[in-house]
1. Would you list B:Ser121, A:Ser62, B:Ser11, A:Ser129 from fewest to most Cβ contacts within 10 Å?
2. Enumerate the calculated ³J(HN,Hα) couplings along the stretch B:129-146 in order (Karplus 6.51 cos²θ - 1.76 cosθ + 1.60, θ = phi - 60°), each rounded to whole Hz, writing x wherever the residue is Gly or Pro.
3. Report, ordered by chain and residue number, the lysines lying within cross-link reach of A:Lys182, taken as a straight Cα distance under 21 Å and ignoring same-chain residues fewer than 8 apart.
4. To the nearest whole number, what is the average tally of beta carbon atoms from other chains within 10 Å of the beta carbons of peptide B:169-176?
5. Do the alpha carbons of any pairs in A:Lys282/A:Lys412; B:Lys150/B:Lys223; B:Lys21/B:Lys52; A:Lys3/B:Lys127; B:Lys52/B:Lys223 sit beyond 25 Å of each other, and which pairs?
6. Give, in whole angstrom and from largest to smallest, the semi-axes √(5λ) of the equivalent ellipsoid of the stretch A:333-485, with λ running over the eigenvalues of the Cα gyration tensor.
7. In degrees, nearest 10, range 0 to 90: what is the angle between the Cα axis of helix B:188-205 and the longest Cα principal axis of chain B?
8. May I ask you to evaluate 6.51 cos²θ - 1.76 cosθ + 1.60, the Karplus curve with θ = phi - 60°, for each residue of the stretch B:102-116 and list the ³J(HN,Hα) values in order in whole Hz, giving x for glycine and proline?
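We did not get these values from a lab; they are worked out from the coordinates using the rules stated. This structure is a prediction, so every number in the text was calculated from the model and none was measured. All Cβ positions, glycine included, derive from the backbone under ideal geometry; neighbour counts span all protein chains shown.
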Amino acid sequence: MYKLLLSSRYLRTRFIALASIISVMLGVATLIVVNSVMTGFRYEMRDRLHSLISDVVIESRSTDGASNPEELVQHVWDVAGEYVDAVAPTVEIYGMLSFKLSEGMHSDEYAHCPVTIIGIDPSQQDAVSPIRQHLIGRQPETDDEGHVIAPPLFPVDSLLNWELSENAKEHRKDWLYNRRWKEMVYGETQPEQPFYEAPASEAAPVAYSEPDPFGHDEPIRTTELTPDAQPGQAATASTFDPTGGQPASDLFGSAPIKVRDPDEPFPARLYVGQNLIAFPYKNEETKETEMIPLVRPGEDVQVSTIKTGLPEPARFTATVVDVFRSGMSEFDSSFVFCPIEELQKVRGMMDPSSGQGDVTMLKIKLKNYDDAGLVVDRLRSATDLFPAHLFNIYTWEQKRAPLLQAVEIESKILNMLLFLIIAVAGFGILAIFYMIVVEKTRDIGILKALGATSNGVMSIFLTYGLSLGVVGSGVGVIMGLLFVHYINEIEKAISWLTGHKVFDDTIYYFKSIPTEVSPWMVTWVALGAMVIAVLASVLPARRAARLHPVRALRYE
Amino acid sequence: MSKHRSKPHLSAVALTKSYTKGEIQVPVLRGVDVSVERGEFVSIVGQSGCGKSTMMHVLGLLDSPDIGEVRLNGERIDDLPLGTRDELRNHVFGFVFQFYHLLPELTLMENVLTPLMIRHSAWEYFKRRHEFREIAGEIINRVGLAHRAKHRPSEMSGGEMQRAAIARALISKPEVLLADEPTGNLDASTGAEIMDLLKSLNEDEQLTIIMVTHDGAIADQAKRIVRLFEGRIQTLEEAA
């Protein structure tokens, strides 16, 4: 009893003990805050990584792809059907995105970016890894405070399609007008590829006589553009058009069936990663960083890739429908989504007999991601259906293992380093306790004279150490959790005080700092701090216990 | 040795004790034989450094003799295991020191209760805390400090502190009270009050008291005086 009483009294009457409590507290709070933020970032990163890679992927080792996707999908269902939620065949191929930066007198300036072109079927892609929530056109426009100033161009949960938004259509008109005007001024500097270059075998009507995606009442114009047929500025554009509004007949004199309205978007439509076609610009006046677009939805870009078989370039013009921003800069600066059939046609992946296009990848969504390892094992062991020399099968985590592991190791190292803070606090306790033992020597003598055992005296100081640890880590946990809870407010306050942004949301695309408090982590940190506090008090406590009662009593 | 038949309450047999100071052995006690009967009030007198405090520490098992024995009711107690000696100190001996030696962080009441806290486990103490409080209250009353029960030692006078120390020594219902210069730090009249208290304890409760002092006048108030000189017994005589 006297142990508890004395240690609580020492705790209350010794200001120096406060110093050790504060050091324990700061250590614990720092550890909790840093861990929560790191875990938050890691979760967010995993989410983003995962968002564009499906749970399990079967990839054909050949870039030419595997034929008969329907059969392959059926195989997947046969092998691991009970775990599988959806399968989406896609074509993934590297390529190049080119767009015009400016028009010059003698030559145009183009930008060419290496990209990964992903041919998708919107509804199937939606089932395995939805991309629609990343599309900028589906996000409401907000101001700095997060108030909605303009509704999304498409409802965010509407099914993915390749249609241009009204804004994009408007912009397309302006853009085409501008371009024609410049062409007139500078002359045609470089032959654009105005029309979709379909393989010869391709039946043109399939590609071009599809219904007008705009829902315009006007029929698809096949011959000439008349001013009255074209609303607004486009009408004026045609008057400036050096080709006299009949570009089609100039270039492809015959075969009017192949002629399409130049205002019409191309059948190859793209969702382009934001970093490919926009760059961040820091406004020196407002200190705000904004993304300046180089290409906007509604404009046309050139996409080049390779055909199947021996490498031979395949090039097509596509209209940008929307821009996506997933938050993973790697994806945002390399991914381009386009309709799978267009990519298959351009690359010559269409099987003439079956009419089915080859695919390079099967994206699989599982009912429960925990089964991923099992599904991969099953698919890998089905060597007759998915031979290992033809198919590479992995989970998204396996594909991303180096990055995930690096982050994991980084956080472990950081944890170890931060734990040293608490260890430093432990040495502080050690020193302070030695002082207190020396100061209390006579009291220890008295207690021994009154019959206290050495163990009893020792446990006074161990209890003291433990209570320092408990109080320190308790307050530290509370402080840490409060800090994590109000981290965005704190960030704002610090930004306001220092005058520059601590957490630039344009770098991470996070509106706020992501945090994730793991109860286990908090428990471990608190326990660790207590153990360190007790360990640090062992030495002084032993010294106190070993004091000779008479010498302690006589100590001045 | 000659007292074996009557089994004295507390006795020392040929106590020898020396301290090592650097390389030199400094003898403090050189074969002291003392025996104290139950209910006796003995004072040990001597000059400073004659070994009287050391003798008291050895008798109270705070220190162990190099040679010789300490006997309680005829049983040797100085060679008992450490834990048993701690327990004996708590149960049998009550200590009163010259500098009071109260714990500065605790109130008078808590100081008085310390021996009971040491004796009982936290849980048992907690269960019987009301009973213990009552006992402590009575004892504090007895030493005349009822109005001081909630005060810290720093708020009390020397005489009050010494009375508190006596109360603390009494709470464990000791058989022997060992007082080391109990009046050494007090003025004459306060010292006299303390002596009156000790005498009344000796007379009313038949408490065996061994008091160490260098003050002849104080020593004379005991029933018997043992004079120590350079670590040896000088005379044994009945006090006046």
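1. So the residues, fewest neighbours to most, are B:Ser121, A:Ser62, A:Ser129, B:Ser11.
2. 4, 5, 4, 5, 4, 4, 4, 4, x, 4, 5, 5, 4, 4, 8, x, 10, 3
3. A:Lys100, A:Lys169, A:Lys173
4. 1
5. A:Lys282/A:Lys412; B:Lys150/B:Lys223
6. Calculated on Cα positions only, the semi-axes equal 69, 18, 13 Å.
7. Tilt relative to chain B: about 90 degrees.
8. Coupling constants for the stretch B:102-116: 8, 7, x, 7, 9, 6, 4, 4, 5, 4, 5, 7, 3, x, 6 Hz.
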